[in-house]
1. Under 5 Å between amide hydrogens, which residues at least 5 positions from Val10 or on another chain qualify, with H placed 1.01 Å from N in the peptide plane?
2. Averaged per residue, what accessible surface does the chain expose to a 1.4 Å probe, in Å²?
3. Tell me the accessible surface of Arg8 in square angstrom (1.4 angstrom probe, heavy atoms of protein chains only), to the nearest ten.
4. Gain in length, Arg55 to Asp15, computed as 0.36 nm per residue apart minus the alpha-carbon separation, to one decimal in nm?
Amino acid sequence: MTTTTSDRLVLTREDLARLGIKISNTTLLRLEASGSFPKRLRIGNTVTWLASEVREYIDGLAAEREAA
């Protein structure tokens, strides 16, 4: 398995907000539990998400919009 640079990038809550994902932590936890949003990673005391998985989530939202 090859790992690209974008696969190793992680996003913080602040990065999510810059991408327009401005939802509460409780809502994020619910979406993660249901499998609708990528699961978080803990790096020390910091909560992060893989950038590639968040990109896939956003692309999925755009595809749903186009299908509607």
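The values are calculated or read from the model by the stated rules, or taken from the named source; none is laboratory data. Predicted model only: the values in this text are computed from it and were never measured. Just the protein is used for accessible areas: all its heavy atoms, side chains included, with ligands, DNA and RNA removed. Shrake-Rupley method; radii C 1.70, N 1.55, O 1.52, S 1.80 Å.
1. Amide H neighbours of Val10, under 5 Å, 5+ apart: Ala51.
2. Solvent-accessible surface per residue comes out at 73 Å².
3. 150 Å²
4. Gain on extension, Arg55 to Asp15, equals 13.2 nm.
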